[in-house]
Amino acid sequence: MCQNTITKNQENMSNQVNKQNEDEPIIPSVGFGTFNSFQDHDKVYEAVKYAIKEGYRLIDCAPLYGNEKEVGQAIRECIEEGVVSRQDLFIMSKLWNTEHDPQDVEPACRSTLEALGLDYLDLYMMHWPVHMTKDSNLVSTNNGGEFKFEIIHSGDREKLAATYNAMESLVYKGLTKNLGVSNFSTRQLSELLSDCHIKPIANEVEIHPLLQQPRLFHYCQERGIQVIGYSPLGKIGYREPGKPSLLDIPEIVSIAEETGRSPSQVILAWAIQRGGCVIPKSLTPKRIISNFQAQENFLTSQQMDIINSLDQGLRFVEVPYYDFPDDPMDLSLTQPKAIEGEIDDSNVYRNSFYRPGRPLESNIIIESGAIRNLKERAREYVPEECHGSKCYLIVDSIVDGLYGDQVLEGFNAAGIETYKVIVPADEVDESGNPSAERHKTLQVFSDCCDEILERGISKKSCLISLGGGVVNNMAGFLASSLYRGITLVHITTTMMGMTDAAIDFKQAVNHHLGKNLLGSYYPATNIIIDPEVLKTLSERHILNGISEALKHALAQSREMTEAIVNPLSDDIHAALANPSYLEMVCRECIDHKVPTLIHYKDSDFNEMVPQYGHAIAHAIEHLSFHSGEEVCPLLHGEAVAIGMCVTAEVAYCLGICDKNAVDEHYKYISKAGLPIFVPKGLSLDAIQEKLCYDKHYVKKPAMGLLEEIGHMHCQEDGSYAVEVDNHIIRAALEANFSRRDKSPQTKDLYTLDAVSPVSSAVNFDDLRKSASVYSTSDYNYCNCGEKPDGLFVV
């Protein structure tokens, strides 16, 4: 392996190079491809020169193309004529398959530099993960090239690492600034990242609307590897019989007409706007200019979604020496993993989610100081049509004491006539926490209706919820019922509301036969999130909501996972008190949750991601409230954290993931300060019996399972809901119990407090007596062995 052969001087240089790579060298989004079917080198020379004069700065080369001498001449002449400087250009070339022997790598690179007439490359890539014998060669230019070849290896980890190690020496010697690969799969990239010292900054692969490679694309994005798409317009000049023309796809043509662009510009813009680079080729000046103009972002999110739905896993580039054995095409999921919100000039975050068909759309606004500045901001939060009608603030009795009067005065000061309706809440529930859950009933719903109707409303009235999930749900059900539907606005004050409860269309109240059995799908027009209000929450309650964000991170993005976990691991108390960190968590969670809401009906992926870990979590959460004093009741997010660890064990038992993926679940969740083990006092039999009541249980529990962090397993039939036999769940629970019993850890970070000394605090001993649920000797459900002292924050 390359890491075993590197010298100390090279290691020092490697550290410097990786620091440079952290600055992320900017690869232009539109480059110029120079492959021309091994023909007309003089025309390629003219085209490259024209492209540079028209603004192209990225030039893609390869010795295989046979025209590096002509390309280099065009580059040098543009530099000599003052059109561009060498520093302005980004020139990349490739190591051909016959030159993989480490001793051949440097001569091959120097040969390319000599042909181009340049001193260095900006990027040098391994063309294919294939090593051929020296006498393998091109024998015909028909159909894009025919080869006589003998393969020494294809995709061998150790040999690819040895070749790449030799390429690293080119950086140390100044022959290239950066390294990359081409046609590498996620497996090969994962192995290379473990074996190399200088991270590849790019992976050049075939990418277009009919071959979107979502798993590979997102894998590269999350690791800072730029995907460069070759054949972004398919094969135009020598397309095989039966293969479609990308430029004639009806959806592409329709979008081109809508935008006033050409079909080729639509295709290239799609690739660029999803975060890729493209290297189209053309010898025609008009098309060269047209392709370059595709980097003007002009596609809407709806148009992007339409193109995302076109994926067929169709390759135009098929070579006889490599059959792409890894990365089976994932065609069941065509939606984006995340839809980024926009941040305006005032640093206000905005996003929205909607659903095709029946009009359902909600706008999300994250704005620090929203409540504090309500007098100035209220008229945007409440739709204009409601400004002249009576509006009602729905708030529970606990949040009312913190913000009720301030919010009421803010709306009225803004000229919006607003009245307050207070929902009962308990200072302490069974878990020792404040909650209004017991009052989310039809009786309280009816009492609220009476109060509102007696005071008077109109069709243009607005209900404004102020609080956590219970109040959000109650106000939503009220708004959907009064006058058959009036305007709804949420101001959510809990981390759980900001990451989960308020970010949905579901509104409900409880029935004596079950939770959330009565309700509706009804959108809040606006959902207002003010991170400043989190300062009144306990650390335990903030982590409770962060767990829901971490659920989306583990299921959808390793990068998001690390962004959430690392600050908590470094200093959990500082992170939980940092409004900027908490706002980042909310933004990331919303960005990744929004596509699951918009595309809910397209794939059960969009149900399995929000429910990740929940089948187990629902069972242990319920049991923790009904197991006497042996177990401290779990908050929902805490149960989800444990549920995700057990669910990872399920995936391992089924062979869907490896042990490293399971270990990473425990590592990330515990570093976040959340529990990872099923509490002692909950039996295997009790958990399995309770699982039968999960809403995804038919004959067997169904759950989403991860192949690795950031990637959910898709079955051959396109479904993400995996039915799991009871003996597998039992084995997974036993594995979690075994880890728990072997763990030297005596206290989870998050149980250090529910104890920050902020407002509305009650003494823990008094709380214990009121709740009557804690054992005198064993408070913590994760083997603390001691109860926390100090204050428990309401």
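The values are calculated or read from the model by the stated rules, or taken from the named source; none is laboratory data. Computed from a prediction, not measured in an experiment: that's the story for all the values here. Note that each Cβ is placed from the backbone with ideal geometry, even for glycine, and that neighbours are counted across all protein chains shown. Remember, those area values only see protein heavy atoms, side chains included, never the ligands or the DNA or RNA. Shrake-Rupley method; radii C 1.70, N 1.55, O 1.52, S 1.80 Å.
Numbers at a glance
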quantity: Candidate lysines for bridging to K700, where Cα separation is under 23 Å - those fewer than 8 sequence places away on the same chain excluded; calculated: K515, K551, K601, K690
quantity: Cα-centred dipole magnitude for the range 271-323, charges only on beta-carbon of K, R (+1) and D, E (-1), debye, nearest 20; calculated: 280 debye
quantity: Portion, in percent, of the accessible area of the range 369-480 that falls on carbon or sulfur, probe 1.4 Å; calculated: 47 percent
quantity: Most to least accessible of H626, H197 (protein chains only, probe 1.4 Å); calculated: H626, H197
quantity: Accessible area, probe 1.4 Å, largest first, for residues K286, K94, K390, K337; calculated: K286, K390, K337, K94
quantity: Relative contact order [Cα under 8 Å, 6+ residues apart], the range 417-477, whole percent; calculated: 27 percent
quantity: Theoretical ellipticity at 222 nm over the chain - DSSP helices of four or more residues, -39500 (n - 2.57) apiece, nearest 500; calculated: -12000 deg cm²/dmol
quantity: Accessible surface of the range 508-641 [probe 1.4 Å, protein heavy atoms]: carbon and sulfur percent; calculated: 50 percent
quantity: With all protein chains modelled, accessible area of E621 [1.4 Å, Å²]; calculated: 40 Å²
quantity: Per-residue SASA entry for L597, accessible area with 1.4 Å probe, Å² rounded to 10; calculated: 10 Å²
quantity: Sites excluded, chymotrypsin sites (Phe, Trp or Tyr not before Pro) in DSSP loops with at most 12 other C-beta within 10 Å, longest stretch of the chain; calculated: 239-692
quantity: Correct option for Cα Rg over 2.2 N^0.38 Å [calculated from the coordinates] among (1) 0.95; (2) 1.06; (3) 2.21; calculated: (2)
quantity: Angle between the chain longest axis and helix 636-653 axis [Cα atoms, degrees, rounded to 10]; calculated: 40 degrees
quantity: Accessible area of E150 in the full protein assembly, 1.4 Å probe (Å², nearest 10); calculated: 110 Å²
quantity: Most to least accessible of R315, R187, R379 (protein chains only, probe 1.4 Å); calculated: R379, R187, R315
quantity: Residues with amide H under 5 Å from that of L95, placed H, sequence gap 5 or more; calculated: M125, M126, H127
quantity: Solvent-accessible area, 1.4 Å probe, carbon plus sulfur percent, for the range 35-154; calculated: 42 percent
